[in-house]
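Here the structure comes first, spelled out in structure tokens, and everything after it is commentary.
The values are calculated or read from the model by the stated rules, or taken from the named source; none is laboratory data. This is a predicted model, so every value here is computed, not measured. Methodologically, a virtual Cβ is constructed for each residue, glycine included, from the backbone with ideal geometry; neighbour enumeration extends over all protein chains shown. What goes into the accessible areas is simple: the full protein's heavy atoms, side chains included, and nothing from ligands, DNA or RNA. Shrake-Rupley method; radii C 1.70, N 1.55, O 1.52, S 1.80 Å.
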Amino acid sequence: MKKIIYCIVFQLMVLSSFAQDNTGLKLWYNHPASGWNEALPIGNGRLGAMVFGNPAREQLQLNEETVWSGGPGNNTNPAIRKVLPEVTRLIFEGKYLDAEQLAMEKVLSADNGMMYQPVGNLWISFPEQPDTAGYYRDLNIEDAVASVKYEVNGVHYTRQVFSSFADNVIIVRLTADQPGKISCSIGMDCQLRSKITIDGDDPVINLSGITDDHEGVLGQVRFHALVKPVCEGGKVAVSGQQIVIDQANVATIYISVATNFKNYRDISINAFAKADSILQKALAVDYGTALKNHIYDYQKYFNRVRLDLGTTVAAQKPTDERLSKFKEENDPQLVSLFFQFGRYLLISSSQPGGQPANLQGIWNDRVTPPWDSKYTTNINAEMNYWPAENTNLPEMQQPFLKMVEELSQSGRETAREIYGARGWVLHHNTDIWRITGPVDHACSGLWPTGGAWVCQHLWEHYLYTGDRHFLKKAYPEMKSAAQFFLDILQKEPEHGWLVVSPSISPEHSFMKGATVCAGATMDNQLLFDLFSNTMHAAAILGEDKAFSDTLRITRAKLAPMQIGQYSQLQEWMKDWDNPEDHHRHISHLYGLFPSNEISPYRTPELFDAAKNSLLNRGDESTGWSMGWKVNLWARLLDGNHAFKLITDQLTPAIRPDGKVKGGTFFNLFDAHPPFQIDGNFGCAAGIAEMLMQSYDGFIYILPALPDKWKSGEVKGLKARGGFQVDIIWKDGKLEKLTVCSELGGNCRVRVPEPLKAVDGAALKKAKGENSNPFYVVNQVEKPLVSPKARLKRPKLKETYLYDFQTEAGRTYSFVSR
């Protein structure tokens with residue numbers, strides 16, 4: 001533990017000399033938000049709000065992470081079990097349309113999951129005002145505080161709003177530069193079943209409600225939102241269902257929200273008592289201390305990573321203007337801001353002990369949100385956590401890893417009742433109640449491989465942290481997921497390969513009207529990873545040799561990756577790909593990213609085929625898809641193409657003709673459209689992948705640096721094996737590399753320039769396999785290649801591969817020779 005602390009102390013010393021200009025970490029505007037997609041998000045993981053910033057009537061749209069429709073229960077439908085063998089028979093006979101029709105008619109769950117719902121709105125209405133002057137609003141992501149400033153009749157007004165990490169409430173501070181100028185009324189509304197009461201002499205608004213019934217499931221989540229103003233000077237009174245503040249010097253408004261949710265099986269908490277307890281504790285802390293504690297608790301995560309890609313005059317403009325002109329103007333600092341905004345959103349929507357970030361993080365204003373704002377596990381939920389490890393926020397992934405544990409429990413029922421299998425299963429969607437049955441129609445829901453994908457995060461967390469205690473706890477979940485697939489794999493008739501059937505390549509059809517298939521490439525890749533990772537975990541823990549042998553034998557029988565007639569990586573077991581297909585999902589490229597099965601050095605044929613598939617798909621798409629493609633082009637070592645995808649993503653979602661397309665809203669929320677937070681997280685992870693990768697047996701420094709980023713500096717990125725990496729480059733060339741080792745062991749780096757050690761470390765040319773156990777790479781079988789394929793061996797730029805031994809807690813520095 002002491003050795004890890006040494007690395008942290010070193011990082012703090014470095015960051016003190018790398019203070020970024022504060023304005024570089026602000027989203028700011030010279031007008032109020034005209035709609036929800038211009039409002040600014042604040043959150044402490046559990047409690048979120050969108051701040052609109054209207055001078056005359058402030059709106060805070062409120063969310064709490066456990067306000068979901070329905071109540072405890074799974075959506076398993078045992079009747080599905082009877083139809084699955086017939087669907088598979090039809091698939092194996094090539095009767096795909098018949099298989100599709102049967103699946104669409106019969107593969108139906110008890111419900112399709114519940115909805116994440118809003119608490120309501122807090123309104124702060126001010127006396128009728130003449131025109132304001134000097135309007136300004138911002139979200140400072142360096143301290144997680146939103147501000148509004150303006151002038152009326154010579155009086156300067158300021159609002160500060162934050163969702164306190166320290167005190168677990170939202171705090172609004174209203175001030176003016178003259179005494180007695182704060183007069184307003186405070187009220188609430190709610191679209192759910194609710195009522196509003198105000199307690200007597202020391203008024204507190206109490207909004208109490210219950211969530212909606214949905215698809216036959218009664219709404220059972222009860223919530224209370226308590227609002228308490230505290231004033232310096234002036235008077236406080238009650239008028240109807242509002243609290244009125246008259247001529248105060250300062251007003252501080254505290255908002256506490258709680259529900260009866262205890263866990264996905266238990267909703268026995270007293271919601272009012274919890275909300276009131278949180279409120280009373282927060283009221284006991286003076287504002288200055290509350291703000292200081294909030295900033296401290298936030299910055300201990302946020303300040304771990306700094307990124308400087310350079311600054312131009314464009315950075316002086318409001319954020320919405322910068323976004324509108326990003327394609328035409330050189331504005332590298334907007335990329336830095338977007339990267340750090342992604343980290344801000346992850347810290348603000350996913351805190352240890354809470355719920356994972358859902359499809360919209362924690363920010364949703366709709367009673368019936370798009371896709372219910374659930375957890376879509378055929379990519380979107382996983383994408384939310386791509387930046388957790390490499391951008392140095394591993395604690396933020398704890399809610400997701402906890403969800404995997406809970407899914408492994410509820411998924412046992414679904415595996416048993418639908419598939420007659422051991423272990424556990426997850427399909428393409430889940431919710432706060434941890435449902436595991438198929439959701440929606442067969443063309444999206446008949447995909448039983450979600451459990452394999454979420455288990456990948458368990459293994460990756462171990463690779464980054466080296467936490468054996470965590471691995472021992474997670475191993476049963478990995479083993480149980482693997483057991484399910486051992487039971488349901490079937491031998492396909494043409495080659496005798498073991499395949500998952502029925503399944504799909506997520507949300508994509510291989511012919512008009514047909515999605516249901518056997519042996520989709522993504523399924524094969526996911527099982528290869530799951531079996532390999534489970535075998536490695538068992539060996540590390542000294543457990544289950546016989547089980548590992550079974551996995552090894554079964555893994556060898558999985559369908560291999562194949563290269564088709566268009567020199568593409570096939571998406572399906574048969575060569576059905578259409579080179580004119582621009583579908584948003586690129587599921588078969590999971591093997592390139594986030595997996596490590598495809599590499600320019602180990603699998604050049606697959607590397608070229610994956611590139612051809614990505615070229616065929618095209619660039620512009622939905623926002624989250626473009627975020628995925630940033631990562632894919634980074635893995636393809638093409639920084640300029642990755643930057644082109646960043647440019648596409650940093651295109652205003654609302655186009656001049658009023659149409660809304662994939663891109664980014666003016667508050668920097670990703671647009672599917674509508675808003676989906678996964679694109680923010682995916683792009684943040686992709687920017688990190690452009691600067692450093694650690695999946696291929698070594699740490700690759702500046703693997704995909706675009707021409708636009710001539711000089712820059714990044715500090716605090718994390719690599720597998722517990723290495724923390726700082727990089728400085730100038731005129732496109734590596735200038736300095738600093739590595740802090742938390743776990744010790746061999747460090748292998750691939751760099752674009754030859755290095756020499758600053759501190760006399762024993763730097764030597766790397767040979768053979770990397771001895772570091774966190775860098776073991778599983779070699780996939782050679783692909784089957786169509787005789788029509790025309791592959792090109794990738795032309796790789798010259799690099800230098802070095803090894804140096806490290807001790808835990810020590811830092812090593814190198815400069816280019």
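Legend: P(r) of the range 486-629 from all alpha carbon pair distances, 5 Å bins from 0, whole percents, reading 2, 10, 18, 21, 20, 14, 9, 5, 2, 0. Extending 7 Å from the Cα toward the beta-carbon at both N263 and V660 defines two label points whose distance is 3.8 nm.
You can think of it this way: the chain between Q241 and K82 has 51.6 nm of extra reach, that is 0.36 nm per residue less the Cα-Cα gap. Applying the Kirkwood pairwise sum to the alpha-carbon positions of the chain produces a hydrodynamic radius of 27.6 angstrom.
Extension gain, K736 to K795, is 18.7 nm, computed as 0.36 nm per intervening residue step minus the present C-alpha separation.
Just round it to a whole percent: the fraction of Cα-Cα distances in the range 722-817 exceeding 19 Å. The calculated P(r) of the range 722-817 puts 52 percent of pairs beyond 19 Å.
Here the Karplus relation 6.51 cos²θ - 1.76 cosθ + 1.60, evaluated at θ = phi - 60°, turns the backbone of the range 781-788 into coupling constants of 5, 4, x, 7, 10, 5, x, 7 Hz, with x for every Gly and Pro.
Taking Cβ atoms as reference points and 14 Å as the exclusive limit, the residues near D201 contribute a net charge of 0, counting Lys and Arg as +1 and Asp and Glu as -1. Normalised per residue, the accessible area of the chain is 35 Å², obtained with a 1.4 Å probe and no contribution from ligands, DNA or RNA. Rounded to the nearest 20 debye, the dipole size of the range 114-184 about its Cα centre is 140 debye, using +1 on the Cβ of Lys and Arg and -1 on the Cβ of Asp and Glu.
Taken along the Cα-to-beta-carbon direction at a fixed 7 Å, the label points for H582 and A110 span 4.3 nm. Of the residues S595, N640, F669, the one whose Cα sits farthest toward the positive end of the charge dipole of the range 574-681, with +1 on the Cβ of Lys and Arg and -1 on the Cβ of Asp and Glu, is F669. Counting only protein heavy atoms and a probe of 1.4 Å, the accessible surface of the chain is 50% carbon and sulfur.
Once every Cα of the range 155-242 carries one equal point scatterer and solvent is ignored, give the base-10 log of I(q)/I(0) from the Debye formula at q = 0.13 Å⁻¹, two decimals. Values returned for q = 0.13 Å⁻¹ are -0.58. With the whole protein complex present, L498 retains an accessible surface near 30 Å², based on a 1.4 Å probe. Sorting R81, R720 by accessible area puts them as R81, R720; the probe is 1.4 Å, largest comes first, and only protein heavy atoms count. Here the range 524-597 was treated as a single set of alpha-carbon atoms; its pair distances binned every 5 Å from 0 give 3, 14, 21, 19, 15, 10, 8, 5, 3, 1 percent.
Take every Cα pair under 8 Å whose residues are at least 6 apart in sequence, average their separation, divide by the length of the chain, and the relative contact order is 13 percent.
Placing dummy labels 7 Å off each Cα toward the beta-carbon, the span from V367 to N153 is 4.0 nm. Against the empirical curve 2.2 N^0.38 Å, the C-alpha radius of gyration of the range 228-283 lands at a ratio of 1.51. Amide H contacts of Y812 (H built 1.01 Å from N, in plane; Pro and chain starts excluded): V739, C740, S741 sit under 5 Å, all sequence-distant by 5 or more or on other chains. Taking the alpha-carbon centroid of each part, what is the distance from the range 36-93 to the range 502-545 in angstrom? Going from one Cα centre to the other spans 25 Å. The charge dipole of the chain, taken about its Cα centre with unit charges on the Cβ of Lys, Arg, Asp and Glu (plus for the first two, minus for the last two), comes to roughly 2060 debye. Under a no-solvent Debye model with one identical scatterer per Cα of the range 642-783, what's log10 I(q)/I(0) at q = 0.14, 0.19, 0.21 Å⁻¹? Here the Debye-derived log intensity ratios amount to -0.79, -1.12, -1.25. The alpha-carbon positions of the range 564-707 define a convex hull whose volume is 111 Å³ per residue.
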